[in-house]
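The values are calculated or read from the model by the stated rules, or taken from the named source; none is laboratory data. All of these numbers come straight from a predicted model, not from anything done at the bench. Quick reminder, even Gly has a Cβ in these numbers, built from the backbone with ideal geometry, and neighbours come from all protein chains shown. Just the protein is used for accessible areas: all its heavy atoms, side chains included, with ligands, DNA and RNA removed. Shrake-Rupley method; radii C 1.70, N 1.55, O 1.52, S 1.80 Å.
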Amino acid sequence: MSIPYVKMNGIGNEIVVLDLRGRPETVTAEAARAIGALEPFDQMMVLYAPRRPDTLAFMRIFNIDGSESFACGNFAWNDIPLAEPFADTRAIELQIGPIDAPILHSPSVANIGNPHAIFWVGDTEAYDLAAIGPMLENHPIFPERANISLAHVTAPDALTLKVWERGAGLTRACGSAACAAAVSAARTRRTGRTVRVTLPGGDLVIDWTADNHILMTGATEFEHDGLLPEDIFAPAAA
């Protein structure tokens, strides 16, 4: 027996959606990696039966390496988390390259469901993020690894972003990175609280509201649906 899935993308960020509500199967890290080998994705969103009566589903989000992403937002150093305390997460002491002339330095850090480090640069294309991204993702300062972004503020209400995504690599778009960069730009007074974020896959509008909600608006696209072999999954009891 096969299990159906849907493949979509948000400005190039590839998402596989599995609806397991009413089914006995569950997704493990091993299953997520196996599914990714058959149908590559940046994230896979798995829907389970709701855990609260006022919701339609309970959702888990997997990266293609089998690790999980979560959903929340905070700025405290120990919630990001960082390996050591920093009083101000708008710019932490982290640099690569020579001490007197670092290539990148002083990123803003935030947690938007997953850890993010945003380096402020004059040109996002001036750096080989595919080469430095893995090193920064796994830097000891980030005990749970981190998403690494290069951000160039182009106007008081606009910035350009390039992202190395934790567990996925260089990506055409990352919604949580766009949110992290927009909020961090506002926190450091580089922009206002509503900005257009331009990623390789397209534009997102991020609005950090006065009551501290983050609203993201952008284009989505249905790609195709398909079937996955049942033997990839684990029984729910496992």
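Worth a mention:
- Cα extents for the chain along the principal axes, largest to smallest and rounded to whole angstrom: 60, 35, 31.
- Within the listed set Gly202, Gly73, Gly226, the residue fluctuating most in the Gaussian network model of the chain (springs between alpha-carbon atoms under 10 angstrom) is Gly226.
- Part-to-part distance (alpha-carbon centres) for the stretch 48-68 and the stretch 73-141, which is given in Å: 28
- Projecting the Cα atoms of Thr191, Ser176, Thr160 onto the dipole axis of the chain, where Lys and Arg carry +1 and Asp and Glu carry -1 at the beta carbon, places Thr191 farthest toward the positive end.
- Dipole size of the chain about its Cα centre, with +1 on Lys/Arg Cβ and -1 on Asp/Glu Cβ: approximately 520 debye, rounded to the nearest 20.
- Helix axis angle, 175-187 relative to the chain longest principal axis, alpha carbon, degrees: 30
- Residue-level accessible surface for Trp120, protein heavy atoms, 1.4 Å, Å²: 50
- FRET efficiency for the Glu84 to Ser2 pair, using the beta carbon distance and R₀ = 45 Å, is estimated at 0.40.
- Among 203-210, 190-197, sorting by the average number of other beta carbon atoms lying within 10 angstrom of each residue, highest first, gives 190-197, 203-210.
- Structure-based [θ]222 nm, the chain - -39500 (n - 2.57) summed over DSSP H runs of at least 4, per residue, nearest 500: -4000 deg cm²/dmol
- P(r) weight above 12 Å for the stretch 190-238, C-alpha pairs, percent: 76
- Percent of alpha-carbon pairs separated by more than 17 Å within the stretch 1-107: 66
- Diffusion coefficient (Stokes-Einstein, Kirkwood radius over C-alpha pairs, 25 °C, 0.890 mPa s) for the stretch 145-238: 164 µm²/s, rounded to a whole number.
- Between 0 and 90°, nearest 10: helix 29-38 axis offset from the chain longest Cα axis: 90
- If you run the Gaussian network model on the chain, springs between alpha carbon atoms under 10 Å, then out of Leu199, Leu38, Leu20 the most flexible one is Leu38.
- Percent RCO, i.e. relative contact order, over the chain, from Cα pairs under 8 Å lying at least 6 residues apart: 22
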